[in-house]
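Chemist: The structure under discussion is supplied below as structure tokens; questions concerning it will follow.
No value in this document is a laboratory result; all are computed from the given coordinates. What you see is a predicted model, and the numbers here were worked out from it, not measured in a lab. When we count neighbours, we look across all protein chains shown, and the Cβ atoms used for this are built from the backbone with ideal geometry, even at glycine.
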């Protein structure tokens, strides 16, 4: 075949690829280029020497297959998410119930502690009163013993000495 001077668009059309792919091929093969008067680049090429087999365009059917697989995966994940959220809601309800129970127990412990402190204060006050009563009783007992001793001493004296005293 003869050598031709083609623009990137013409070369891409003849090779069955885009103008950008044709420009990349010219760069890769280091084919001679020159500027035309209209500002476009002309490539000097012998098409019989170029063995360019463009890749087939991707089929949309493959994309549909992948899209359906992804949608199925999304549906599966959404159902799994719904199941996990339901379980989380159950756990959250359990947590709230246990939290309320713990709060009630804590308030009961505080109330019991206050009752215990009040009982200890009452017991301490009662022990103090008992100690005072014992001290008074000991004082009274000592006074009674002294009075008994004085009476015994007074009775031990003869009657006429009792009158003088």
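Chemist: When only C-alpha pairs under 8 Å and at least 6 residues apart count, what is the relative contact order of region 1-111, in percent?
Modeler: Dividing the mean separation by the residue count of region 1-111 yields 22 percent.
Chemist: Can you give me the angle between helix 19-29 and the longest principal axis of the chain, using Cα atoms only, in degrees from 0 to 90, rounded to the nearest 10?
Modeler: Its long axis makes an angle of about 80 degrees.
Chemist: Using alpha carbons only, how many angstrom separate the centre of region 127-145 from the centre of region 66-112?
Modeler: Cα centroid of region 127-145 versus Cα centroid of region 66-112: 69 Å apart.
Chemist: Same structure, new question: Among [x] 152; [y] 354; [z] 175, only one was calculated for this model; which label is it, if the read-out is volume of the Cα convex hull per residue in Å³?
Modeler: [y]
Chemist: Suppose each label sits 7 Å from its Cα in the direction of the beta carbon; what would the residue 36-residue 153 distance come out to in nanometres?
Modeler: 15.4 nm
Chemist: For Cα pairs less than 8 Å apart in space and 6+ apart in sequence, what is the mean separation divided by the residue count of region 4-45, i.e. the relative contact order in percent?
Modeler: 46 percent
Chemist: If you fit an axis through the alpha-carbon atoms of helix 60-156 and take the longest principal axis of the Cα set of the chain, what angle between them do you get, 0 to 90°, nearest 10?
Modeler: Once rounded, one gets 10 degrees.
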